[in-house]
Amino acid sequence: MAFIITEECINCGACEPECPNQAISAGEERYIIAPDKCTECVGHFDTQQCASVCPVDACVKDPDRKETQEELKAKYHKLGGK
């Protein structure tokens, strides 16, 4: 399940440099997460880095993109993870 950034985002930018997959970028209204690059930090960290630094808890799991741990690991490897 990829993460999304909700409307609560205050555009502080704290999340963008924390993403190990460079999945976060500035959008028109708020920061956005590219679902094809989001692995929920699987392969990098035990917790989601964007969610851990967000001051307003705007980084949450996308209920429309359910992925298993195996699928997230496969995405991590596809993105170049070892």
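The values are calculated or read from the model by the stated rules, or taken from the named source; none is laboratory data. Remember, it's a predicted structure, so these values are computed and weren't measured experimentally. Quick reminder, even Gly has a Cβ in these numbers, built from the backbone with ideal geometry, and neighbours come from all protein chains shown.
What the table shows:
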read-out	value
Enumeration of residues in region 1-34 that are within 20 Å of His77 (Cβ to Cβ) and either among the hydroxyl-bearing types (Ser, Thr, Tyr) or modelled with pLDDT of 95 or more (or both)	Phe3, Cys19, Pro20, Asn21, Gln22, Ala23, Ile33, Ala34
Those residues of region 1-22 which are more than 15 Å from Arg65 (Cα to Cα) and among the aliphatic types (A, V, I, L, M), in sequence order	Ile10, Ala14
Counted residues, region 52-74 - those being modelled with pLDDT of 95 or more and touching a Lys or Arg at 6+ places or on another chain (Cβ under 9 Å)	1
Whichever residue in region 12-40 is among the charged types (D, E, K, R) and without any contact (Cβ under 8 Å) to a residue 40 or more places away in the chain and, among such residues, is surrounded by the most Cβ atoms within 10 Å (Cβ to Cβ)	Glu40
Odd one out for Lys82, checked against (1) surrounded by fewer than 13 Cβ atoms within 10 Å (Cβ to Cβ); (2) modelled with pLDDT of 95 or more	(2)
Of all residues in region 1-34 being among the acidic types (Asp, Glu) and part of a helix (DSSP H, G or I), the one that is nearest to Gly81 (Cα to Cα)	Glu18
Selection from region 35-80 of residues that are outside any loop (DSSP other than H, G, I, E, B), under 23 Å from Ile10 (Cα atoms) and of a type in the set (Gly, Ala, Ser)	Ala51, Ser52
